[in-house]
Amino acid sequence: MPKTKYDVAIVGGGHNGLTTACYLAKAGLKVAVIERHSYVGGAAVSRELHPGWTYSNCSYVCSLLRPEIFRDLELSKYGLQIIPYEGSASMLDDGRFYAHYSDHDLNYRSIAQFSKKDAEAYERFGKDVMRQCKIIKPLLKMTPPDPTSFRPKDIMGLLEFAKYFAAKDELGGLGEKEIYDTIRFWTMSVRDYLEEYFESDVVKAHLAGSAIIGTALGPYSPGSAYVLLHHYMGEVDGTVGAWGYSRGGMGSITKAMAASLKANGGDIIAGSPVTKILIKNNRSHGVVLENGDEIFADKLVSNLDVKRTFLKVVEKKELPDDFYNAVKNFKIRGSSGKLNIALDDLPIWKSIPEGDPAGTGDLHITQSIEEMEGAYDDWKDGRWSKFPYVDMCIPSINDPTMAPQGKHYMSVFVQYVPYNLTDGGWTEEKRLEFGKHVMSRIGSYSENFNDIINHAEIRTPKELEKEVGLTEGNIFQGELTMDQLMFNRPIPGYAQYKTPIKNLYMCGSSTHPGGGVMGAPGANAAREILIDLKKQFNSHYI
Amino acid sequence: MDNSFSFTKPLLETPFHERTYEACYNNDWYRWAGYKIAREYSNTELEYTAMRNTAGVLDITPMHKYDIKGADAIRFVDKLVTRNVTEIKSGQVMYIIWCNEDGNVIDDGTVFCFDSNHLRIFCAERNLNWFSDTAIGFDVEVEDVSDTIAALAFQGPLSCKILNLLNVKNIENLKPFYFDDFDLNGCKVTISRTGFSGDLGYEIWCKNEDAISVWDSLFKFNRDYKVLPAGMNALEMVRVEAGFIQPNADFMSAEQALRPNRMRNPFELGMGWLVDLNKNYFTGKKNLVDLKKKTLTKKLVGLDIQGDKPAIGSVLYDKNKKEIGIVTAGMWSPSLKSNIAFGYVDKDHMKIGSKVFAEIYHPEELEYKKIWAECSVVKKQFFNPPRRHKVPAEI
């Protein structure tokens, strides 16, 4: 290994680490990304785990990736393409299905089959959520101001915040009513929120799904409504709330970022697990790799989650006790499983007809919010859900690169699956049993599903942790609850991508604005570092 | 007409579709409340001219129709709308608007009184939830009957004459803003003397199964009096001339505006005459009482614009080139030979006769001509011929 000294080294090559690295390299810094695996991507990867099939084996759909980042890093030039998809559906036990369509009028009629009032209410719901998205969108790009600080930067930041919350319509901000709505939305349960709009169980259950994905909260838990917003605030080409596939799988995003980084002179040091961050006099100056090699850099950035960073690679003796304790108490509970399935044919659903666009988007198995809460109860008891909330999609319908001709790839996200089973912990048998359970659930809604399974990868929170490094397998690098958002994310007083260690920064989803393949934490962290280095942050992102 | 749900047919067809489809050479469809409605059948100018010269036929089936039934029907509507409707009589129609609690306008429409226990509201936007929520505590049932009634607007100076030729008995004596049941071509229909055109005209309400027969009858005397089906483009022209404003075109419905500052109260829309602050409590009253006392900061007015280039989407300025508002609808009026528009102006330019300026970008063979046109503030009702109000109507 060449004994290069870097300006900045990033620990972990996930999408945020790569984003940070790209911005810094573009600003002319000598940058390296140090990655444990032989490939980069973190939880945004495409992997051929079964010959001929590409799996987006962790994250599976894309909406949140900020278009400004896409543009700044020239990801199109490096091969990234996002394909919007149409529709979503929930399959019901009575043989019917409930679907959303991108066609506004078809969508209305689809909902009206269940309730005319709900079809109308959906417009109002959409408007209200959109309004909240508009409020949150500029906040994503901001470094959260410290409300306890009197530094000009923080005061300006708070004014910026206040601008969006001020009861002055002229600012394009909110009226009084909207401020009440925002505070309610950010704190209430998704069940209570949806109850204010809809009467049909099916409509509510379908919409509530977004609020529990990846979250160790149930639909009745306060704070779950925010998670729904978190999933709605993305966009595909200006269509807020729309989701798409990354052509070639989610790994195309990080592959493009890696190519962009290299084009700007950055290094990727793969296959090099970092065991320790070197700290001297409360300043970090390098890392030690598993093989004993050392890499030195003026500044270090951790893309690892806050727990992994400060409980695993930074020694406790270097940290203030209150900070250490806050990190220990950071909520990062695993609650999700994932199946990646190679199919020999397209599944035939008992309810959704072939060719229906609803079948080409995200498909769910859910009947009611109560069923979802029951699934959460199982999780609390330390069991995988008997009737799990399942979020499936078949990217190969829209993306010709994922599977051999005529064959298909199916991604199955499963909520809830505990990190620890009360019944003796996870074993290989239990993992397979869990997979079988989920597949039999899916099979009962399909004519042919059981006969077309060619290969399945089954992942519990344990596998997510082991492979991706996410503590407890939490997909957001920490729960998206109000106590861990904005200026409290990840730790109060350390929300500005800095840490108690000088020259050590954070850029992962543990930081504001949180999880999802968004890139905003990475871009925000890059901006803070460049400000500290008195360098220009050139971006469409500002 | 097969309107069963299918992902291959996102749009509904009205009961007139068989005919409108034949007539719509351009196959140019507009989405109205989930229905396919012709934007232009063959030629907008001719369709417009039919409405001003003979008569035009518009398929208005997509209008939302809500039945209000029960002992409190009138009391309910009175709580809902800004106007006093307690004196409404059987056979009478009233133009109404309704607001949210803040006093911002949600929608406008008409209410038909069948009897004191049965009213029906017609409107452009979906209002089932708003009406149902308002109905709580009243002895009424709100029912969406939109899909069960087919509707045509038959508008123009010969509309009464043709209905008379079709043996619609006593149609000439139907007063403006009244309705009754009639026999038309063997079908039992309801006809109201109402419409969007600001001219003599009727709206014909029938059963879905009678739709084709009703449609065909209106063209029966075409050898003598050329009646044309008219599309949405022609409708847009006549409604602007008539001074009728439209939700989500001239103002954002308070139920749909994303940005709170885009909502408008009735005074800003020039609809203060529809607000009765002396009547019993109605939704929005408290805030409308306060708003009435305040000086208006903006108002939707009519504009008479120099030159002949439509001021579509123009920004409005005062003489010092300070931005004061925006045009919401603009057109060259063939009837008035004038360049007319609706626009918002600030408090210093609301009076009739005030002068403002419109910056018009007129496309001319791949280049934009930028025109600085003086505008006079005028009444929104540009076109209002005596024949519209005459009873008995001309036959």
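The values are calculated or read from the model by the stated rules, or taken from the named source; none is laboratory data. In this text, all values refer to a predicted model and were calculated from it rather than measured experimentally. A quick note on method: Cβ atoms are made from the backbone with ideal geometry, for glycine too, and the neighbour counts reach across all protein chains shown. Remember, those area values only see protein heavy atoms, side chains included, never the ligands or the DNA or RNA. Shrake-Rupley method; radii C 1.70, N 1.55, O 1.52, S 1.80 Å.
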Positions within segment B:83-139 being of a type in the set (S, T, N, Q), open to solvent by 30 Å² or more (accessible area, probe 1.4 Å) and in contact (Cβ under 8 Å) with a residue 60 or more places away in the chain, in sequence order: B:N84, B:T86, B:Q92
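Considering only residues that are open to solvent by 70 Å² or more (accessible area, probe 1.4 Å) and either aromatic (F, W, Y) or more than 13 Å from chain A (Cβ to nearest Cβ) (or both), which ones fall in segment B:256-289?
Hits for segment B:256-289 are B:W273, B:N278, B:N280, B:Y281, B:K286.
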For segment A:376-395, name all the residues that are buried (at least 17 other Cβ atoms within 10 Å of the Cβ) and either touching a helix residue (DSSP H, G or I) at 6+ places or on another chain (Cβ under 7 Å) or closer than 23 Å to A:F449 by Cα (or both). A:W384, A:S385, A:P388, A:Y389, A:V390, A:D391, A:M392, A:C393, A:I394, A:P395
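To keep it simple, each residue is scored yes or no on (1) farther than 26 Å from B:R264 by Cβ; (2) surrounded by fewer than 18 Cβ atoms within 10 Å (Cβ to Cβ).
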site	(1), (2)
B:E18	yes, yes
B:M51	yes, no
B:P62	no, no
B:A71	yes, yes
Filter result (within 14 Å of chain A (Cβ to nearest Cβ) and either outside any strand (DSSP E or B) or among the hydroxyl-bearing types (S, T, Y) (or both)) within segment B:233-255: B:N248, B:S253, B:A254, B:E255
What about A:E86, is it open to solvent by 30 Å² or more (accessible area, probe 1.4 Å), within 12 Å of chain B (Cβ to nearest Cβ) and assigned to a loop (DSSP other than H, G, I, E, B)? yes
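Here are A:K153, A:K116, A:K137: which of them is without any contact (Cβ under 8 Å) to a residue 24 or more places away in the chain, within 14 Å of another protein chain (Cβ to nearest Cβ) and surrounded by fewer than 21 Cβ atoms within 10 Å (Cβ to Cβ)? Quick ask: steps written out before the conclusion?
Values: A:K153 fails: within 14 Å of another protein chain (Cβ to nearest Cβ); A:K137 fails: without any contact (Cβ under 8 Å) to a residue 24 or more places away in the chain.
That would be A:K116, the only listed residue that is without any contact (Cβ under 8 Å) to a residue 24 or more places away in the chain, within 14 Å of another protein chain (Cβ to nearest Cβ) and surrounded by fewer than 21 Cβ atoms within 10 Å (Cβ to Cβ).
Do the conditions hold for B:D199, that is, is it open to solvent by less than 20 Å² (accessible area, probe 1.4 Å), part of a loop (DSSP other than H, G, I, E, B) and of a type in the set (D, E, K, R)?
Working: open to solvent by less than 20 Å² (accessible area, probe 1.4 Å): yes; part of a loop (DSSP other than H, G, I, E, B): yes; of a type in the set (D, E, K, R): yes.
So B:D199 passes the test.
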Looking at segment A:199-212, can you tell me whether even one residue there is within 19 Å of A:L92 (Cβ to Cβ), open to solvent by less than 20 Å² (accessible area, probe 1.4 Å) and in a loop (DSSP other than H, G, I, E, B)? yes
Can you tell me which residues in segment A:485-542 are open to solvent by 10 Å² or more (accessible area, probe 1.4 Å) and acidic (D, E)? A:D532
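Among B:N173, B:N208, which is touching a helix residue (DSSP H, G or I) at 6+ places or on another chain (Cβ under 9 Å), polar (S, T, N, Q) and open to solvent by 10 Å² or more (accessible area, probe 1.4 Å)? Working first, answer last.
Working: B:N173 fails: touching a helix residue (DSSP H, G or I) at 6+ places or on another chain (Cβ under 9 Å).
Result: B:N208 is the single residue among B:N173, B:N208 that is touching a helix residue (DSSP H, G or I) at 6+ places or on another chain (Cβ under 9 Å), polar (S, T, N, Q) and open to solvent by 10 Å² or more (accessible area, probe 1.4 Å).
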For residues that are of a type outside the set (A, V, I, L, M, F, W, C), in contact with a strand residue (DSSP E or B) (Cβ under 8 Å, 6 or more places away or on another chain) and farther than 16 Å from B:G330 by Cα, scanning just segment B:223-255, find the one that is surrounded by the most Cβ atoms within 10 Å (Cβ to Cβ). B:G231
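Out of segment B:20-49, which residues are within 14 Å of chain A (Cβ to nearest Cβ), touching a residue at least 24 places away in the same chain (Cβ under 8 Å) and surrounded by fewer than 19 Cβ atoms within 10 Å (Cβ to Cβ)?
If the condition is that a residue be within 14 Å of chain A (Cβ to nearest Cβ), touching a residue at least 24 places away in the same chain (Cβ under 8 Å) and surrounded by fewer than 19 Cβ atoms within 10 Å (Cβ to Cβ), then B:Y30, B:A33 are the ones that fit.
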Considering segment A:221-251, residues that are open to solvent by 20 Å² or more (accessible area, probe 1.4 Å) and in a strand (DSSP E or B), and then whichever is nearest to A:A403 (Cα to Cα), we arrive at A:E235
